[in-house]
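The values are calculated or read from the model by the stated rules, or taken from the named source; none is laboratory data. None of the values given here were measured: they were computed from a predicted structure. Here the Cβ is made from the backbone with ideal geometry for all residues, glycine too, and neighbour counts use every protein chain on show. Accessible surface is based on the protein model in full, side chains and every heavy atom, while ligands, DNA and RNA are left aside. Shrake-Rupley method; radii C 1.70, N 1.55, O 1.52, S 1.80 Å.
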Amino acid sequence: MISVNDLTVSFGGFTLFNGIGFMINPNDRIGLVGKNGAGKSTLLKILMGLQQPTFGQVSVPSDFTMGYLPQQMTVTDGKTVFKETLTAYQQLNELEKQIEKITEELHHNTDYESDAYMKLIEQLNDANDRFHLLGGSDKEGDTEQTLLGLGFKRSDFDRPTFEFSGGWRMRIELAKILLTKPRLLLLDEPTNHLDIESIQWLEDYLKNYNGMLVLISHDRAFLDAVTNRTIEISLGKAYDYRASYSRYVELRKKHHEQQLSTYQNQQKMIEKTEDFIERFRYKATKANQVQSRIKQLEKMEIVEVDEEDTTKLNIKFPPAPRSGQVVFHAKDLTKRYGDHTVFANANIIVERGEKVALVGRNGEGKTTLSRIIIGELMYEEGVAKLGYNVNLGYFAQNQDDLMDGEETVFNTLDRIAVGDIRTKLRDILGAFLFRGDDVDKKVKVLSGGERSRLAMAWLMLEPYNLLVLDEPTNHMDMRSKDILKNALQLFDGTLIVVSHDREFLDGLVDKVYEFRDGKVKEHLGGIREFLQRRKLENLQELEWKNKEMTEKKEEKQVIKQDYGDKKEYDKQMRKVNTQIEKEEKIIAKIESVIADMDNALTNPTDKVASNDFYKKYQQLKNDLNIAIQRWEQLHQKLEKLT
């Protein structure tokens with residue numbers, strides 16, 4: 001259990017937190033929510049011990065393990081994906097070396113009755129118990145499943161990490177953190193670099209995680225699936241609700257309405273009481289009543305209404321000029337990078353007024369198609385054409401990185417704006433929450449969410465009839481995403497959007513193009529219908545089907561999913577057989593010592609009659625039973641594989 005006590009953080013005359021406090025209990029799954037800049041990431045750093053508060057403290061039990069994934073972190077290179085991920089098992093690796101060393105010492109020590117030999121036996125069993133408790137027997141299998149779940153392919157395992165983008169290397173770091181199985185997971189926007197399938201896998205993993213979780217995310221669907229408690233950071237205060245995000249929103253609204261109603265009723269009563277006092281203050285016959293009401297007011301605890309942060313985006317896209325009926329058309333489109341085919345023979349038609357989502361795993365070609373549409377990237381085969389009178393606006397996934405960090409917020413727009421729109425720049429920036437002195441800030445000091453908002457403001461400088469948006473909601477808080485979604489729903493032009501945010505896409509798009517295994521497939525309908533077809537969201541259906549299978553078939557299916565092909569299957573067979581051989585050697589050693597002690601019992605001596613002798617004898621019997629249980633479990637595992 002972790003205790004946050006009277007936490008205050010101040011800097012530069014500004015108070016970020018003001019005396020907040022809460023407990024993190026076993027099995028808590030906490031969603032930490034609030035606007036960008038409210039202090040959520042700062043709070044995670046304080047919990048991790050990476051930053052100190054101005055006042056207050058965080059009480060953490062000794063030997064308490066925590067895993068922390070920040071939004072940005074330094075990733076290591078020099079190993080393959082698989083070997084780098086295995087470094088998560090530092091404690092297990094040390095235990096393995098210890099077991100090998102003790103086993104070697106036992107092999108050369110033949111004095112079975114010596115204290116030194118018995119001590120080695122005890123150390124070996126303790127190390128083996130600890131190894132199995134930490135999941136050492138399955139560490140390679142767990143590593144494979146975690147990497148596959150986070151979107152890596154088996155062919156990626158032996159590739160060096162430097163070949164991957166920053167987002168993919170962040171997935172490696174996430175895998176390492178998950179595999180260490182800390183008591184508390186602190187995750188800051190873990191879905192930012194994940195695709196829909198990987199997000200679904202992480203949801204399932206965290207729902208079954210045997211530990212505590214504090215999670216920052218702007219993905220409402222993800223929060224609802226994973227969390228059972230919500231803490232909102234707003235205007236320096238913490239509001240704690242024992243509910244997932246959507247339920248919290250309802251409760252927070254009801255709480256504020258009740259609070260406001262109570263406040264208004266109290267104010268009316270105070271007004272009437274003060275009016276009575278003023279009317280009868282100087283009448284002797286009412287003196288006692290007046291004094292009673294004065295004391296009543298003095299003792300009254302005034303109801304306060306929580307201050308609400310009502311700042312939000314106020315976006316309305318300019319009316320779209322009319323384009324031709326077909327806005328974009330691709331026929332038999334193929335794109336390659338060297339020998340690697342990103343996608344082949346893609347056929348895509350986007351018509352005027354349609355709102356289309358491009359979805360699929362990272363690296364399958366969604367951003368590549370976006371760049372082909374805007375004419376930034378060439379293709380090898382087929383046709384890709386924009387329609388008649390198309391005026392295109394583009395938001396790149398790395399749009400914020402393309403801006404000059406030394407420019408101010410205002411100058412970033414001013415240097416590209418032309419015509420009458422320049423007179424409205426401050427209004428446009430105000431709609432994106434850049435007000436007053438904010439417009440004079442340099443781009444380099446802006447947060448990720450602020451940069452995304454500034455990049456989105458670019459699209460207001462000209463009336464477009466086709467918007468191509470690549471991950472527009474990254475780093476945006478939930479209220480900002482809702483406002484952007486509403487503005488896009490009202491946009492009378494055509495929209496092509498790349499996004500992994502199911503909640504954002506739901507109700508926005510009416511057609512989905514799925515990028516998968518080098519192919520592009522059209523799905524009519526919204527994102528929810530698409531997810532149901534892909535069986536990504538409806539896990540209950542998957543569980544229902546699994547229950548229909550016999551236990552043997554279910555185990556074989558899991559094995560097929562886990563190990564894929566014969567090579568992986570053989571690898572697991574060898575691994576289990578090796579573990580069985582190790583256990584058999586341990587059993588043989590213990591049985592040999594017990595046999596020698598049994599012989600000694602037939603010829604009692606003073607040493608044999610001692611309490612220490614019988615204690616060691618009983619300990620060996622217990623160790624033998626434990627070793628035999630492990631041996632039986634391994635044979636059961638072997639039977640499932642065969």
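Would you check the accessible area of S246, probe 1.4 Å, heavy atoms only, in square angstrom rounded to 10?
Counting only protein heavy atoms, S246 exposes about 40 Å² to solvent.
Could you estimate the translational diffusion coefficient of the stretch 139-210 from the Stokes-Einstein equation, with Rh from the Kirkwood formula over C-alpha pairs, at 20 °C and 1.002 mPa s, in whole µm²/s? Intermediate results must be reported in sequence, preceding the final value.
Details: Rh = 12.7 Å.
Result for D is 169 µm²/s.
Would you calculate the separation in nanometres between label points at E351 and Q258, each defined as 7 Å from the Cα along the Cα-to-beta-carbon direction?
The two pseudo-label positions are separated by 5.1 nm.
If you count, for each residue, the other Cβ atoms within 10 Å and average over each peptide, how do 209-215, 27-33, 439-445 line up from highest to lowest? Working shown, then result.
Values: 209-215: 19.3, 27-33: 21.4, 439-445: 13.9.
So the order, starting with the most tightly packed, is 27-33, 209-215, 439-445.
Can you give the % of DSSP beta bridges in the chain that are antiparallel, to the nearest 5?
Working: 38 of 73 bridges.
Here the share of antiparallel DSSP bridges comes out near 50 percent.
Would you list, by chain and number, the lysines whose Cα falls below 23 Å from the Cα of K331, excluding same-chain residues fewer than 8 positions away?
K355, K366, K385, K511, K519, K521
Which shape class, rounded, prolate or oblate, goes with the chain when its Cα gyration tensor gives a ≥ b ≥ c as root eigenvalues, a/c under 1.5 marks rounded, and past that a/b bigger than b/c marks prolate?
Because a/c hits 1.5 or more and a/b fails to exceed b/c, the chain counts as oblate.
Order L92, L235, most accessible first, counting only protein heavy atoms with a 1.4 angstrom probe.
Ranking L92, L235 by accessible area, largest first, yields L235, L92.
Taking the solvent-accessible surface of protein heavy atoms with a 1.4 Å probe, what is the per residue accessible area of the chain in Å²?
52
Take peptides 334-340, 324-330 and line them up by average Cβ neighbours within 10 Å, highest first, as a rough protection proxy.
324-330, 334-340
Any idea what angle helix 611-641 forms with the longest principal axis of the chain, computed on alpha-carbon atoms, 0 to 90 degrees, nearest 10?
60
According to the square roots a ≥ b ≥ c of the eigenvalues of the Cα gyration tensor, what is the shape class of the stretch 13-137, taking rounded for a/c under 1.5, prolate for a/b larger than b/c otherwise, and oblate for the remainder? Mind dumping the intermediate values first?
On the way: a/c = 3.71, a/b = 2.30, b/c = 1.61.
Prolate shape, in that a/c is at least 1.5 and a/b is the bigger ratio.
Using only DSSP helix segments of four residues or longer, with each worth -39500 (n - 2.57), what per-residue ellipticity at 222 nm results for the chain after dividing by its residue count and rounding to 500? Spell out each step's value before the answer.
Details: 21 runs with 293 residues, N = 642.
Calculated at 222 nm, the ellipticity per residue is -14500 deg cm²/dmol.
Sorted by accessible area (1.4 Å probe), largest first, how do V468, V418, V383, V390 line up?
In descending accessible area the options line up as V418, V383, V390, V468.
Skipping prolines and chain starts, which residues have an amide H placed within reach, meaning under 5 Å, of the one on D477, given they are 5 or more residues away or on another chain?
Here the answer is N36, since their amide H atoms fall under 5 Å of that of D477.
Quick check: from the Cα gyration tensor, does the stretch 188-248 come out rounded (a/c under 1.5), prolate or oblate? Spell out each step's value before the answer.
On the way: a/c = 2.06, a/b = 1.59, b/c = 1.30.
Prolate.
Filter the trypsin sites (Lys or Arg not before Pro) in the stretch 178-277 to those in DSSP coil with at most 14 other Cβ atoms within 10 Å of their Cβ, and list the result.
R242
Please report the carbon-and-sulfur percent of the accessible area for the stretch 1-116; probe 1.4 Å, protein heavy atoms only, DNA, RNA and ligands left out.
Ligands and nucleic acids excluded, carbon and sulfur reach 49 percent.
Would you work out which of L641, Q579, I416 lies farthest towards the positive end of the dipole of the chain? Charges go on Cβ: Lys and Arg +1, Asp and Glu -1.
Working it through, the farthest residue towards the positive pole turns out to be I416.
Relative contact order of the chain, please, whole-number percent, based on alpha carbon pairs below 8 angstrom and at least 6 residues apart.
That works out to 13 percent.
Heavy atoms of the protein only, probe of 1.4 Å, neighbouring chains included. What is the accessible area of V342 in Å², nearest 10?
In the full protein context, V342 sits at about 10 Å².
Write down the radius of gyration of the stretch 315-427 and its Dmax, each obtained from C-alpha positions, in Å.
Looking at the stretch 315-427, its Cα Rg and Dmax stand at 17.2, 50 Å.
Mind checking which lysines have their C-alpha under 23 Å from K253, skipping anything on the same chain fewer than 8 residues away?
Of all the lysines, those that pass the test against K253 - Cα under 23 Å, at least 8 places apart if same chain - are K35, K40, K237, K268, K312, K481, K485.
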